[in-house]
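Enquirer: If you scroll down you'll find the structure; I have some questions about it.
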Amino acid sequence: MTDLSAEHEAAVTDRAILTGSAYNTGNDLAARQSIYRWQEPRYDLPGIVVEHLRRTRGTVVDVGCGNGKFIERLGKDRPDLRLIGLDVSPGILADVPRPVAVADAVNLPLPSASVDAVLAMHMLYHVHDIPTAINEIARVAKTGGRVIVSTNSERDKVELDDLWERAAGDVLGVGKGPTRISLSARFSLEKAAGLLSAAFCDVEMIELPGTITVRDSDPVIAHMKSYRAWANQHDVPFEETIERARKIVTDQIARAGAFEITCLGGILICAR
């Protein structure tokens with residue numbers, strides 16, 4: 001997958017889109033997360049975070065906490081920790097366990113060397129200035145503290161990219177439609193270690209490959225619909241393209257019995 005165009009890159013980081021529609025509630029994020037219920041092997045990402053923080057004591061801050069699934073799991077499994085959720089969107093924080101605060105990753109409202117661990121899970125690609133955000137995360141983490149970051153590979157869910165281009169092409173009457181917007185391309189798994197190594201002395205990458213197999217089109221379409229906030233950047237009629245994609249997936253399931261999506265995400269464990 002190639003990098004985003006300048007227009008798409010701007011859209012992925014646009015504050016008005018992020019706070020006003022993409023993450024004004026947790027609904028679209030939950031739709032993207034829910035498709036992993038059909039993935040094999042199944043990864044318990046919050047559980048992996050809990051395991052990597054097993055020796056951590058004190059304060060953990062989740063930067064770009066979204067709908068709070070990591071805070072909720074840590075609160076359940078590690079009630080001894082002090083948990084803080086930060087996100088740029090006030091709306092998505094409504095149901096996240098307190099304390100929470102509206103904050104930008106490039107200007108964290110925390111003293112230097114004040115927290116024992118930092119999470120930045122599937123969010124750094126939304127930050128306009130990624131190196132500054134990484135430096136901020138390093139600044140607030142104590143020496144010897146744990147920083148856990150996650151993102152997806154440029155090769156993640158390529159079948160959905162192909163599906164979008166085919167459906168959009170059909171709607172537009174051309175052989176191949178415009179490329180589907182990629183959220184993770186600015187901070188993909190292929191780029192992440194290099195960017196993080198500028199601020200951290202040790203960066204360990206753990207890849208999490210898998211295959212999503214669905215026998216009904218609904219999970220695929222729900223995932224694709226969750227990109228509605230960026231519909232204007234698709235340069236195609238969004239609803240028509242979604243319905244054409246539904247027909248393509250439904251037909252493939254009828255022929256082959258399933259629709260498969262190849263996944264490749266990962267986490268990076270960083271230390272100062």
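Read the figures in this text as sums done on the coordinates, not as results from a lab. Everything numeric here is computed off the predicted structure, so don't read it as measured data. All Cβ positions, glycine included, derive from the backbone under ideal geometry; neighbour counts span all protein chains shown.
Enquirer: Among the aspartates and glutamates, which fall within straight-line cross-link reach of Lys247, defined as a Cα-Cα distance under 13 Å, with same-chain neighbours fewer than 8 residues apart omitted?
Expert: Answer for Lys247, where 13 Å is the Cα cut-off: Asp170, Asp216, Asp218, Glu239, listed by chain and number.
Enquirer: Same structure, new question: With springs only between Cα atoms under 10 Å, which of Trp38, Trp230, Trp164 fluctuates most in a Gaussian network model of the chain?
Expert: So, out of Trp38, Trp230, Trp164, the one fluctuating most is Trp38.
Enquirer: Still on this structure, I have one more. With the Cα gyration tensor of the range 180-235 in hand, convert its eigenvalues to equivalent ellipsoid semi-axes via √(5λ) and list them largest first in whole Å.
Expert: Calculated on Cα positions only, the semi-axes equal 30, 18, 7 Å.
Enquirer: Another question about this same structure. Would you work out which of His126, Gln252, Val140 lies farthest towards the positive end of the dipole of the chain? Charges go on Cβ: Lys and Arg +1, Asp and Glu -1.
Expert: Value: Val140.
Enquirer: Now for a separate question. Based solely on C-alpha atoms, express the radius of gyration and the Dmax of the chain in angstrom.
Expert: 18.8, 58
Enquirer: Tally Lys/Arg at +1 and Asp/Glu at -1 over every other residue whose Cβ is under 15 Å from the Cβ of Pro79; what's the total?
Expert: That sum, taken over residues with Cβ under 15 Å, equals +4.
Enquirer: Suppose every K and R has +1 on its Cβ and every D and E has -1 on its Cβ; what is the size of the dipole of the chain about the Cα centre, in Debye to the nearest 20?
Expert: It works out to roughly 800 debye.
Enquirer: Working from Cα positions, state the angle (0 to 90°, nearest 10) between the long axis of helix 130-140 and the longest principal axis of the chain.
Expert: So the inclination is approximately 30 degrees.
Enquirer: Compute, for the range 156-272, the length of the dipole vector about the Cα centre, with Cβ point charges of +1 (Lys, Arg) and -1 (Asp, Glu) only. Units Debye, rounded to 20.
Expert: Computed about the Cα centre, the dipole is about 160 debye.
Enquirer: Between the range 227-272 and the range 63-121, how many Å separate their Cα centres?
Expert: The range 227-272 and the range 63-121 have Cα centres spaced 28 Å from each other.
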